[in-house]
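The values are calculated or read from the model by the stated rules, or taken from the named source; none is laboratory data. Just so it is clear, the model here is predicted, and its values are computed rather than measured. Cβ placement follows ideal geometry from the backbone for every residue including glycine, while neighbour counts extend to all protein chains displayed.
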Amino acid sequence: MQEDRIEAGNLMPRTLESQITMEKTPSYFVTKEAPRRLFALSRHTKLIVVVRDPVTRAVSDYTQTLSKQPGLPSFQSLTFRNSTTGLIDTSWSAVRIGIYAKHLENWLRYFPLSKFLFVSGERLVTDPAGEMGRVQDFLGLKRVVTDKHFYFNQTKGFPCLKKPEGSTRPRCLGKSKGRPHPQISPEVLLRLREFYRPFNMKFYQMTGHDFGWD
Ligand SMILES: Nc1ncnc2c1ncn2[C@@H]1O[C@H](COP(=O)(O)OS(=O)(=O)O)[C@@H](OP(=O)(O)O)[C@H]1O
């Protein structure tokens, strides 16, 4: 389905001169054929990628799958191909997706770096208005969304919108965003952190931006 959407440009809504069409599919970033297909469809497309610490991302991904499949094996058993040697299972999608440098390499074969904006998932939580400012600048929009639009909701533990479009009431993201994560042994997290370090360094180098994950 997702691939059909990208391939069949005519399925995208028609856009007036004054409008921007946006499409959000997280899996495009990690889909091998996506850059080629998007390039064929529209080589002038601007690309926004939200990235967070790949270790936390893996745990978040696992938490999401666990909520749908309660009988899922432990995070630890899925992380390691061989627990004695500590060999990481890079075929597990929760691990593979966080190797951002590899995915970006695939995209850079078609799109120059100037077409990308990398949004920090961490800063999106600590400074949503700041990150949204960067997004609006990148898209060539007036800075309409500012800190006036956000407040920190203590119960949710995340920033929420004071007054979303078409509503008079504040709104937080849904229950599936910002769920508590299961406790994972510090040794497993450390091993994963070591695994990602060289890929993170490469990613910082490629993007010219240190995301501070180490
Ligand atoms: N404002 C606000 N409210 C709630 N959650 C927030 C917010 N900003 C960022 N986040 C983080 O977004 C994470 C979920 O986003 P995903 O990338 O998994 O979403 S998506 O399913 O790919 O669309 C989600 O991850 P988890 O904490 O693991 O649930 C959040 O940490």
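Here Leu47 clears all of (1) of a type outside the set (Lys, Arg); (2) within 11 Å of the ligand (Cβ to nearest atom); (3) touching a Lys or Arg at 6+ places or on another chain (Cβ under 8 Å) except the condition numbered (2). Consider region 164-211 and keep the residues that are within 15 Å of the ligand (Cβ to nearest atom) and more than 30 Å from Arg81 (Cα to Cα). The one that is surrounded by the fewest Cβ atoms within 10 Å (Cβ to Cβ) is Gly174. With respect to the conditions (1) free of Cβ contacts under 8 Å to residues at least 40 places away in the same chain; (2) surrounded by fewer than 16 Cβ atoms within 10 Å (Cβ to Cβ); (3) among the aliphatic types (A, V, I, L, M), Leu108 lacks only one, and its number is (1). Are any residues in region 69-95 among the small types (Gly, Ala, Ser), loosely packed, with under 13 Cβ neighbours inside 10 Å and at pLDDT below 95, and if so, which ones? The answer is Ser83, and nothing else. Taking the conditions (1) at pLDDT below 95; (2) more than 30 Å from Gln76 (Cβ to Cβ); (3) surrounded by 12 or more Cβ atoms within 10 Å (Cβ to Cβ) in turn, Asp214 satisfies each one other than (2). Take the conditions within 21 Å of Ser176 (Cβ to Cβ), surrounded by 16 or more Cβ atoms within 10 Å (Cβ to Cβ) and over 20 Å from the mean Cα position of the chain (by Cα) and apply them to Leu66. Does it pass? Taking the combined requirement at face value, the residue does not satisfy it. With respect to the conditions (1) within 12 Å of the ligand (Cβ to nearest atom); (2) exposed (fewer than 13 other Cβ atoms within 10 Å of the Cβ); (3) aliphatic (A, V, I, L, M), Val144 falls short on a single one, namely (1). Name the single residue that is farthest from Leu141 (Cα to Cα) among those in region 7-31 being surrounded by 12 or more Cβ atoms within 10 Å (Cβ to Cβ) and either more than 18 Å from the chain's Cα centre (by Cα) or at pLDDT below 75 (or both). Going through the qualifying residues, I end up with Glu7. For Asp4, the test of being part of a helix (DSSP H, G or I) and modelled with pLDDT of 95 or more is failed. Restricting to region 83-134, what's the tally of residues that are part of a helix (DSSP H, G or I), of a type in the set (A, V, I, L, M, F, W, C) and more than 14 Å from the chain's Cα centre (by Cα)? The qualifying residues number 5.
Residue pairs whose Cβ atoms lie under 9 Å apart, sitting 6 or more positions apart in sequence or on different chains, and linking a residue in region 2-28 that is within 28 Å of Arg96 (Cα to Cα) to a partner that is within 16 Å of the ligand (Cβ to nearest atom) and modelled with pLDDT under 55, are Glu23/Arg5; Thr25/Gln2; Thr25/Arg5; Ser27/Gln2; Tyr28/Gln2.
Taken as a whole, the condition of being hydrophobic (A, V, I, L, M, F, W, C) and over 22 Å from Pro180 (Cα atoms) does not apply to Leu124.
May I ask you to verify whether Gly212 is closer than 18 Å to Val49 by Cβ, of a type in the set (Gly, Ala, Ser) and touching an Asp or Glu at 6+ places or on another chain (Cβ under 9 Å)? In short, yes.
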